[in-house]
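Taken together, the values in this text are just the output of simple stated rules run on the coordinates, not laboratory data. All of these numbers come straight from a predicted model, not from anything done at the bench. Neighbour counts run over all protein chains shown; Cβ positions are idealised from the backbone, glycine included.
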Amino acid sequence: MKLEELINKNYRQLNENDLYIWNYINHHKKECEHLSIDELALRCNVSRSTILRFSKRLGLKGYAEFKVFLRINNQSDSDSLIVNNIYNGYIEMIQQFEGYRYHDIARCIYEAKNLFVYGTGLIQENTAQYLKRSFSMVNKLFLDIDCLADFEGYINLFEADDVFIAISYAGENKRLLDYIYRLKTKGIIVIAIIANNNCTLSHISDYSLHVRTMPIITNMGRREYLVGIYFVLVDFILANYIEYVNNRGEK
């Protein structure tokens, strides 16, 4: 049960001092979590026994149990903030996705004789695999290549107007950029999916699609990043491709 629920449940038993104490606590929840009973009494300009009676009128054994409820309440509020930040972050990114040039991208994928995809890191490689599986459902096959391991082994596979999708985080991998420069001379269409939208890869690509990974602090205190938005973007690309083909009157 939250503190607000305890207050509402026992509201008729609370006097003016109790309501004043609650008003102070409600506006200083994080601070009060660490206050002793004497420190809280001093902040509220009441006696120690008044704080104790306030706790007991809420049906609690004493101030120590009240602090446990306050700590749980604060943790719940913090969890809600984390979830809300993630929720709002996804909404903002999806709204940004709406402005991308999907029709042109879908046309390039549709008309290309060969399709290639490459991811620079673990998450990006997973995204590349997801893209391959997704487009296999509509009979478009992407070849995932290791352009950083064997340039010449793949460079001759490309033809003009083929599509190369580069999935990167920073967009500044020198060997990848050198490879793309060579592809551009062959008339290859380059689509970049990147977390850093102000990078070299973004500037040299024909189409640059920005994704923003969302930071989160785990219960272990580590800073990690949520990366599901990469896969959401792939879904948008696929859905727009299907719509493009349907509008052509094809199955």
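The DSSP beta bridges internal to the chain are antiparallel in roughly 20% of cases. Its Cα gyration tensor gives the range 115-207 an equivalent ellipsoid. The semi-axes, each the square root of 5 times an eigenvalue, are 18, 17, 12 Å from largest down. How would the range 1-65 be classified by its alpha-carbon gyration tensor: rounded, prolate or oblate, with rounded meaning a/c under 1.5 and the a/b versus b/c comparison settling the rest? Rounded shape, in that the Cα axes give a/c under 1.5. Between the residues Ala160, Pro215, Ile51, the greatest Cα displacement towards the positive end of the dipole of the chain, with unit charges on the Cβ of Lys, Arg, Asp and Glu, is found for Ile51. DSSP finds beta bridges in the range 99-247, and of those with both partners inside it, around 20 percent are antiparallel. Adding -39500 (n - 2.57) for every DSSP H run of four residues or longer, then dividing by how many residues the chain holds, sets the calculated 222 nm ellipticity at -17500 deg cm²/dmol.
Only aspartates and glutamates eight or more places from Lys184 in sequence, or on another chain, were considered; those with a Cα closer than 20 Å are Asp104, Glu111, Asp144, Asp146, Asp150, Glu152, Glu159, Asp161, Asp162, Glu172, Asp206.
Each residue of the range 4-10 is assigned a 3J(HN,Hα), and the resulting list reads 4, 5, 5, 4, 5, 5, 10 Hz, derived from the Karplus form 6.51 cos²θ - 1.76 cosθ + 1.60 (θ = phi - 60°), x at Gly and Pro. By its C-alpha gyration tensor, with a ≥ b ≥ c as the square roots of the eigenvalues, how is the range 86-141 shaped: rounded for a/c under 1.5, else prolate for a/b larger than b/c, else oblate? Here the range 86-141 falls in the oblate category. The 3J(HN,Hα) values that the Karplus relation (6.51, -1.76, 1.60; θ = phi - 60°) gives for the range 139-146 are, in residue order, 6, 10, 9, 9, 9, 8, 10, 9 Hz. Gly and Pro appear as x. The loop-placed GluC sites (Glu not before Pro) in the range 162-251, going by DSSP, that have at most 12 neighbouring Cβ atoms within 10 Å of their Cβ come out as Glu250. Per-residue Karplus couplings for the range 161-176, computed as 6.51 cos²θ - 1.76 cosθ + 1.60 with θ equal to phi - 60°, are listed in order as 6, 5, 10, 10, 9, 9, 10, 9, 8, 8, x, 10, 5, 4, 5, 5 Hz, Gly and Pro entered as x. The stretch between Asn198 and Arg133 holds 20.5 nm of extra length on full extension. This uses 0.36 nm per residue minus the Cα-Cα distance. Compactness of the range 39-122, taken as the C-alpha radius of gyration over 2.2 N^0.38 Å, stands at 2.34. Using C-alpha pairs under 8 Å with a sequence gap of at least 6, the mean separation divided by the residue count of the chain gives a relative contact order of 15 percent. In the range 1-153, the convex hull through the Cα atoms has an average projected area of 16.0 nm², a quarter of its surface area.
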